[in-house]
Ligand code: PSU
Ligand code: MN
């Protein structure tokens, strides 16, 4: 079968020599972080993965080509071009056929990483069940995608704009594994603790590597494993709750729906908090990338 994947020379070499690789998503660059910090963060995150001994594979679609690993010029394009849409798994074939460009969400990135044979992936906060989903039915495709993929995803929990309790219930239903990194408190993205508990705690990359190996042995590697890594320096919780309340009201008044909801709320956070949430979001993605690289190295 002909593959549509285009590997960067660095990622191709790492795959050929069986070296550790970390997949990175691109929607956070194009739609999750404001310009110009988005490009700096994309570059810094790749540097962190390299410092920790793994090869970064940022994934995106440019002019109909699926790229596994981007050149610096391509990272600039994802960060700055105005024609970059937000692609979930269901959009991939359509974008390739029409030769368009898009950044990939967790769902689409995890799908492509698994196709490429990459087993470890770092993001910020996962998508999940939105507040009010009982009426809107808004549940991120991140969840259903991860329920069918053999991949380990390092995240700071789900974005705190979501219904965290409902999302945790969905993880259980979808048989997506969950461990807390050095904690039993489920992280709340911008906040260190969401108020929910995690049953299983792991304390090192080596312990996570052992879980990854055991998943193969017992055959539960047909669904993803989530590693929940809490941010060290959280947002002020009162500030967070207030900004969330105004953001949800604003989104409803403006009839924001579908895939625009998450970028709208993140942008509201970043502007209303005068950079406080942005600093935390950047810290999250950096620390998750470092841990993902350690896991990729330990399970190599
Ligand atoms: N994590 C972040 N910022 C982001 C995202 C994750 O810190 O922008 C992106 C991811 O690409 C994730 C997407 O898959 O938000 C979820 O969007 P939705 O809720 O529309 O599924
Ligand atoms: Mn949605």
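The values are calculated or read from the model by the stated rules, or taken from the named source; none is laboratory data. All values derive from a computational prediction rather than experimental measurement. Note that we place each Cβ from the backbone using ideal geometry, even for glycine, and neighbour counts take in every protein chain shown.
Taking the stated definitions as given, is residue 87 under 29 Å from residue 139 (Cβ atoms) and surrounded by 14 or more Cβ atoms within 10 Å (Cβ to Cβ)? Steps first, please.
Numbers: under 29 Å from residue 139 (Cβ atoms): yes; surrounded by 14 or more Cβ atoms within 10 Å (Cβ to Cβ): yes.
Spelling it out, residue 87 is indeed under 29 Å from residue 139 (Cβ atoms) and surrounded by 14 or more Cβ atoms within 10 Å (Cβ to Cβ).
Residues 163, 150: which one is farther than 23 Å from residue 278 by Cβ, out of contact with any strand residue (DSSP E or B) (no Cβ under 8 Å at 6 or more places or on another chain) and modelled with pLDDT of 95 or more?
Numbers: 163 fails: out of contact with any strand residue (DSSP E or B) (no Cβ under 8 Å at 6 or more places or on another chain).
Exactly one of 163, 150 is farther than 23 Å from residue 278 by Cβ, out of contact with any strand residue (DSSP E or B) (no Cβ under 8 Å at 6 or more places or on another chain) and modelled with pLDDT of 95 or more, namely 150.
Can you name the residue in segment 113-128 that is more than 8 Å from ligand 1 (Cβ to nearest atom) and surrounded by 24 or more Cβ atoms within 10 Å (Cβ to Cβ) and, of all such residues, is nearest to the chain's Cα centre (by Cα)?
As a first pass, look at segment 113-128 and keep what is more than 8 Å from ligand 1 (Cβ to nearest atom): 113-122.
If we keep only those that are surrounded by 24 or more Cβ atoms within 10 Å (Cβ to Cβ) as well, we get 113, 118, 120-122.
Working: 113: 12, 118: 14, 120: 11, 121: 7, 122: 6 Å.
Ranking the qualifying residues of segment 113-128, first place goes to 122.
Residue by residue through segment 182-205, note down the ones that are out of contact with any helix residue (DSSP H, G or I) (no Cβ under 6 Å at 6 or more places or on another chain), surrounded by 19 or more Cβ atoms within 10 Å (Cβ to Cβ) and part of a loop (DSSP other than H, G, I, E, B).
The answer is 186, 187, 189, 192, 198.
Of all the residues that make up segment 129-150, how many are within 11 Å of ligand 2 (Cβ to nearest atom) and either on the phi > 0 side of the Ramachandran plot or assigned to a helix (DSSP H, G or I) (or both)? Outline the logic, then answer.
As a first pass, look at segment 129-150 and keep what is within 11 Å of ligand 2 (Cβ to nearest atom): 129-130, 133, 136-143.
Next, only the ones that are either on the phi > 0 side of the Ramachandran plot or assigned to a helix (DSSP H, G or I) (or both) stay: 133, 136-137, 141-143.
Matching residues across segment 129-150 total 6.
Kindly provide the set of residues from segment 168-181 that are closer than 20 Å to residue 262 by Cα and part of a strand (DSSP E or B), ordered by number. Don't jump to the end; show me each part of the working.
Pass one, segment 168-181, residues closer than 20 Å to residue 262 by Cα: 168, 170-171.
Hits for segment 168-181: nothing passes.
May I ask you to list the residues in segment 216-246 that are more than 14 Å from ligand 1 (Cβ to nearest atom), buried (at least 18 other Cβ atoms within 10 Å of the Cβ) and not in a loop (DSSP other than H, G, I, E, B)?
Answer for segment 216-246, where residues must be more than 14 Å from ligand 1 (Cβ to nearest atom), buried (at least 18 other Cβ atoms within 10 Å of the Cβ) and not in a loop (DSSP other than H, G, I, E, B): 225, 227, 240, 243, 244.
So which strands (runs of 3 or more DSSP E) stay within segment 1-93 end to end and still have 1 or more residues that are under 11 Å from residue 104 (Cα atoms) and touching a strand residue (DSSP E or B) at 6+ places or on another chain (Cβ under 8 Å)? Let's see the steps before the verdict.
Numbers: elements: 5-7, 21-24, 55-62, 65-68, 85-87.
Fully inside segment 1-93 and qualifying: 21-24, 55-62, 65-68, 85-87.
Answer with yes or no whether residue 23 is more than 21 Å from residue 262 (Cα to Cα), modelled with pLDDT of 95 or more and out of contact with any helix residue (DSSP H, G or I) (no Cβ under 8 Å at 6 or more places or on another chain).
Values: more than 21 Å from residue 262 (Cα to Cα): yes; modelled with pLDDT of 95 or more: yes; out of contact with any helix residue (DSSP H, G or I) (no Cβ under 8 Å at 6 or more places or on another chain): no.
Criteria not met by residue 23.
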